[in-house]
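Below is one structure, written out as structure tokens; comments come after it.
The values are calculated or read from the model by the stated rules, or taken from the named source; none is laboratory data. Owing to the predicted nature of the structure, the values given are computational and were not obtained by experimental measurement. Note that each Cβ is placed from the backbone with ideal geometry, even for glycine, and that neighbours are counted across all protein chains shown.
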Amino acid sequence: MSEAAQPQTIFRRPLFVLLRWLAALLLLALLFHFIPFAPLRTALSRVPPSRFVIVLLLYFLALTVAIAKWHLVVNAAGAALPFSASTQCFASGLFGDLFLPSVIGGDIARLAVGISRSARPAAVVTGNVADRLLDAGAQISLVLAGFILLPSALPAALQIPARRILLFLAAGVLLALGLLFFLHRPLLQGRSRRFRRGLAQVRHSLRSVSRRPRLLLAGFLLGLAIQSSYILLTFYVSHSCGLELPLRVWFFAWPLAKFAALLPITQGGIGVRETAFVVLLVPFGAPAALVLATGIVWEGVILAGGLSAGLAAFLLRTLEPPRTRR
């Protein structure tokens with residue numbers, strides 16, 4: 001990269017973050033414009049600070065289990081990280097989700113710390129990918145469970161169209177998996193030697209992980225428990241806001257809203273997550289103001305968790321002995 005291009009690249013990164021924060025504020029402003037403010041304010045006032053603190057503490061507990069899961073899966077790939085290093089990696093990733101200019105910004109921060117603490121960088125990368133796949137599998141399982149229970153929560157006129165949509169979605173997923181299976185070799189042809197060497201290291205680490213199916217099963221079950229706990233916490237927040245919906249509806253809407261928040265539109269999915277909640281839950285008869293109030297409170301929990309994780313990562317980095325860093 002030339003010297004003239006380096007300042008432009010450095011400038012674009014904070015500009016990209018700024019644009020995504022502006023997009024988040026724009027989406028929230030649109031929601032506030034189209035949704036009545038009086039019931040929204042009433043719903044938010046029904047959540048006392050003590051209840052918010054309780055939800056936040058339970059969220060921290062779920063994050064602790066998530067750190068243990070990440071530590072388990074990454075070390076199964078051969079990373080050999082101590083638990084303190086895994087905590088620093090995971091906390092850095094949570095903080096990075098708020099401020100790094102990428103949809104995988106948190107993973108980049110997590111991997112940067114993990115690679116600096118492990119003698120096997122490929123194992124850290126592979127373990128993180130395996131952990132993400134386990135989380136995705138857990139979320140898809142929850143979506144499928146919500147889909148199975150969903151038609152009974154819909155009006156009779158919408159139950160048949162809902163089943164047809166489920167069939168189309170299942171067919172689309174099977175088609176995508178089939179194309180990926182048959183086209184993976186042509187997609188890898190013509191790659192550089194460095195890329196193939198890195199792919200070989202990742203493949204070796206994947207073999208290490210696959211030799212421990214019990215650990216993978218434990219990671220999947222932990223991921224299922226963690227994602228379910230997030231849904232239950234959001235369901236508890238919704239009741240505090242006065243929103244009465246069956247729990248099965250949340251099992252359908254929450255994972256889809258999280259997938260929508262991964263789109264690289266706003267920073268940390270702020271605004272996108274709340275919009276997805278409103279779009280997904282209003283057809284079930286939920287008042288838009290109460291849905292938005294629930295999303296705002298949950299967004300506050302995520303922001304507080306991310307900032308606290310950043311502080312924890314900084315303290316761990318400060319207190320660790322210098323000899324442990326690569």
Worksheet item: Would a scan of the stretch 106-115 turn up a residue that is at pLDDT 75 or above, among the charged types (D, E, K, R), surrounded by fewer than 23 Cβ atoms within 10 Å (Cβ to Cβ) and touching a helix residue (DSSP H, G or I) at 6+ places or on another chain (Cβ under 9 Å)?
Response: yes
Item to complete: Give the residues of the stretch 260-289 that are over 20 Å from Ala109 (Cα atoms) and at pLDDT below 80, sorted by residue number.
Response: Ala260
Discussion item. Looking at the stretch 296-310, I want the residues that are free of Cβ contacts under 8 Å to residues at least 24 places away in the same chain and closer than 17 Å to Ala257 by Cβ and have a partner that is β-branched (Val, Ile, Thr) and crowded, with 20+ Cβ neighbours inside 10 Å with Cβ atoms under 8 Å, at least 6 apart or on another chain. Which pairs are those?
Written reply: none
Item to complete: Using the structure shown, decide if Ala24 is of a type in the set (A, V, I, L, M), under 27 Å from Thr266 (Cβ atoms), modelled with pLDDT of 90 or more and surrounded by 17 or more Cβ atoms within 10 Å (Cβ to Cβ).
Response: no
Fill in: Lone unmet requirement of (1) more than 23 Å from Val65 (Cα to Cα); (2) without any contact (Cβ under 8 Å) to a residue 12 or more places away in the chain; (3) in a helix (DSSP H, G or I) for Leu221
(1)
Discussion item. Which numbered condition in (1) touching a Cys at 6+ places or on another chain (Cβ under 6 Å); (2) at pLDDT below 90 is the only one that Ala43 fails?
Written reply: (2)
Worksheet item: (1) in contact (Cβ under 8 Å) with a residue 60 or more places away in the chain; (2) under 18 Å from Leu280 (Cβ atoms): which one isn't true of Leu215, the others all being true?
Response: (2)
Item to complete: Scan the stretch 263-321 for residues that are in contact with a Ser or Thr (Cβ under 6 Å, 6 or more places away or on another chain) and within 21 Å of Gly242 (Cα to Cα) and report the count.
Response: 2
Practice prompt. Test Gly268 against the criterion of being in a loop (DSSP other than H, G, I, E, B) and within 27 Å of Phe60 (Cβ to Cβ), and give yes or no.
Written response: no
Discussion item. Which of the numbered conditions does Glu244 fail, given that it passes all the others? Conditions: (1) surrounded by 15 or more Cβ atoms within 10 Å (Cβ to Cβ); (2) more than 16 Å from the chain's Cα centre (by Cα); (3) of a type outside the set (Gly, Ala, Ser); (4) assigned to a loop (DSSP other than H, G, I, E, B).
Written reply: (1)
Discussion item. Given the criteria surrounded by fewer than 20 Cβ atoms within 10 Å (Cβ to Cβ), on the phi < 0 side of the Ramachandran plot and of a type in the set (A, V, I, L, M), does Leu290 qualify?
Written reply: no
